1. Looking at K150 and the list (1) surrounded by 15 or more Cβ atoms within 10 Å (Cβ to Cβ); (2) at pLDDT 85 or above; (3) touching a helix residue (DSSP H, G or I) at 6+ places or on another chain (Cβ under 9 Å), which single condition is not satisfied?
2. Just give me the residues in segment 118-135 being modelled with pLDDT of 75 or more and either under 14 Å from the mean Cα position of the chain (by Cα) or among the hydrophobic types (A, V, I, L, M, F, W, C) (or both), in sequence order.
3. Taking segment 60-72 as the search range and keeping residues that are without any contact (Cβ under 8 Å) to a residue 60 or more places away in the chain and closer than 16 Å to A102 by Cβ, which one is surrounded by the most Cβ atoms within 10 Å (Cβ to Cβ)?
4. Quick test for you: out of E173, E138, E160, pick the one residue that is touching a Gly at 6+ places or on another chain (Cβ under 8 Å) and either at pLDDT 85 or above or of a type outside the set (S, T, N, Q) (or both).
Amino acid sequence: MLPVEDGRLNDRGLGLIELIVAILVSTIVLAGIATVLINSWLTQNDVLSTSEATNRGQLVSSAIERAVRNATEFKTQDGDTQLWVHTVYDDPTGADPRTCQAFDLGEGKAQMKRAATDLAAASPSVWIDDSQQRWVVEVEPADGLPMFQKDGQVLTYTFEIATDSAPVRFQGEVSMRVGGTGGTPCWP
């Protein structure tokens, strides 16, 4: 028999009701913490995906702009998904005579090819980052806009790169600084 103090039983420890309430409160608190952690993790993935897409899109955009600025001639090819450029790039060592460049943003991938002559015979490669690890830039047309549009010596480009959240859009306009020199060995 339990000792009685002032006519009541002396309860030491937790009763069944108190234990159920403690488990219920702990479960609610842990569920809240888990929700915050999961949302933080998902947000981090979205931010990382958008950041990577931005970096890759800037790489593609800067390569296109550099090629067109140094172009003697350029044309759009295959509808509006390819850009062919003949540049004035001149390697002082003479080791790299590739002055023909093509950018292909069709079929969901950004690809580039370079050659000394005849871009049609050159094989494309996917974009490669600084560490030489292969990665593919997944591109899409932006709201049905043409990816490349030529107006005289000015090129307008528009494309989007897919991310885990909303796609990142890239638009730009660049004009040739050099201008045509008459004829190009890059295409017939």
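1. (3)
2. Pass one, segment 118-135, residues modelled with pLDDT of 75 or more: 118-124.
Result: L119, A120, A121, A122.
3. First, pick out the residues of segment 60-72 that are without any contact (Cβ under 8 Å) to a residue 60 or more places away in the chain: 62-63, 66-67.
Okay, now just the ones that are also closer than 16 Å to A102 by Cβ, so 63, 66-67.
Values: A63: 15, R66: 15, A67: 25.
Restricting to residues being without any contact (Cβ under 8 Å) to a residue 60 or more places away in the chain and closer than 16 Å to A102 by Cβ, the top hit is A67.
4. On the way: E173 fails: touching a Gly at 6+ places or on another chain (Cβ under 8 Å); E160 fails: touching a Gly at 6+ places or on another chain (Cβ under 8 Å).
Testing whether each residue is touching a Gly at 6+ places or on another chain (Cβ under 8 Å) and either at pLDDT 85 or above or of a type outside the set (S, T, N, Q) (or both) leaves just E138.
Table: residues versus (1) buried (at least 16 other Cβ atoms within 10 Å of the Cβ); (2) modelled with pLDDT of 80 or more; (3) touching a Phe, Trp or Tyr at 6+ places or on another chain (Cβ under 9 Å).
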| residue | (1), (2), (3) |
| --- | --- |
| I38 | no, yes, no |
| L42 | no, yes, no |
| A53 | yes, yes, no |
| Q58 | no, yes, yes |
| F74 | yes, yes, yes |
| T81 | yes, yes, yes |
| P92 | no, no, no |
| L105 | yes, yes, yes |
| A142 | yes, no, yes |
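The values are calculated or read from the model by the stated rules, or taken from the named source; none is laboratory data. All figures in this text were calculated on a predicted structure; none of them were measured in a lab. Here the Cβ is made from the backbone with ideal geometry for all residues, glycine too, and neighbour counts use every protein chain on show.
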